[in-house]
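The values are calculated or read from the model by the stated rules, or taken from the named source; none is laboratory data. This is a predicted model, so every value here is computed, not measured. With ideal geometry, Cβ positions are generated from the backbone for all residues, glycine too; neighbour counts draw on all protein chains shown.
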Amino acid sequence: MRDDPGALTDDALLRAADRGDEEAFIEIYRRHGARVHRFAYRMTGSAELARDITQTCFAALLVTPRRYDGRVALGTYLCAAARNQSLRHVGRAWRERTTTAVAPEDRPSSAPGPLELLLQDERARQVRAALDRLAPLHREVLILAEYEELSQAEIAEIVGAGVGAVKVRLHRARAELRNLLAEKRGSGALKVGT
């Protein structure tokens, strides 16, 4: 690839990747791989499964790039593909109501004390356990809004629903999460969104 891959649009990179340009595909993965992986991880609770889902999504893009028609941003398209893969896996787990331990959330750059670290880890475990108990349709919109910081319009594109439906799901997900966290703590819930 002659041009700096970082300066090209996703569409130009995808066309170059379709012609066999490995650098272009690597740039696409560099731009979107982390978000797809984070979303899959938060949906499934499994780093290994998230890795598999991410690889599946990017392999499908490499094998059949023409399935992406450009109507939505490439990142949105890849998140939608990860959503479909994740829902296949979490549907079974949700019905069984299993919970899994997760790695602690990202730490702030200032070094917190041991007690603060312990409280952060416990809070992250409680939120993860409560997220695991949400219905998959509620879990996905909450993850996309709160963790990935996507707009409701972007979420609607990913989940294949209208913005109104996303608003309703998001409202219900936040309310259910607050209730689950309040149950766990016995009083007052951890504030989640507005």
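Have a look at Gly113, Gly193 and point out the one that is over 30 Å from Leu62 (Cβ atoms) and either out of contact with any helix residue (DSSP H, G or I) (no Cβ under 8 Å at 6 or more places or on another chain) or at pLDDT 90 or above (or both).
On the way: Gly193 fails: either out of contact with any helix residue (DSSP H, G or I) (no Cβ under 8 Å at 6 or more places or on another chain) or at pLDDT 90 or above (or both).
From the options Gly113, Gly193, the qualifying one is Gly113.
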**Message:** When the residues of region 157-180 are narrowed to those that are small (Gly, Ala, Ser) and in a helix (DSSP H, G or I), which ends up nearest to the chain's Cα centre (by Cα)?
**Reply:** Ala173
**Prompt:** Restricting region 138-175 to residues that are in contact (Cβ under 8 Å) with a residue 24 or more places away in the chain and surrounded by fewer than 18 Cβ atoms within 10 Å (Cβ to Cβ), which is farthest from His32 (Cα to Cα)?
**Reply:** Arg172
**Fill in**
By residue number, the members of region 29-86 that are free of Cβ contacts under 8 Å to residues at least 24 places away in the same chain, in a helix (DSSP H, G or I) and either under 17 Å from Ala12 (Cα atoms) or assigned by TED's automatic domain parsing to the domain that holds Ala153 (or both) are Arg30, Val63, Arg67, Tyr77
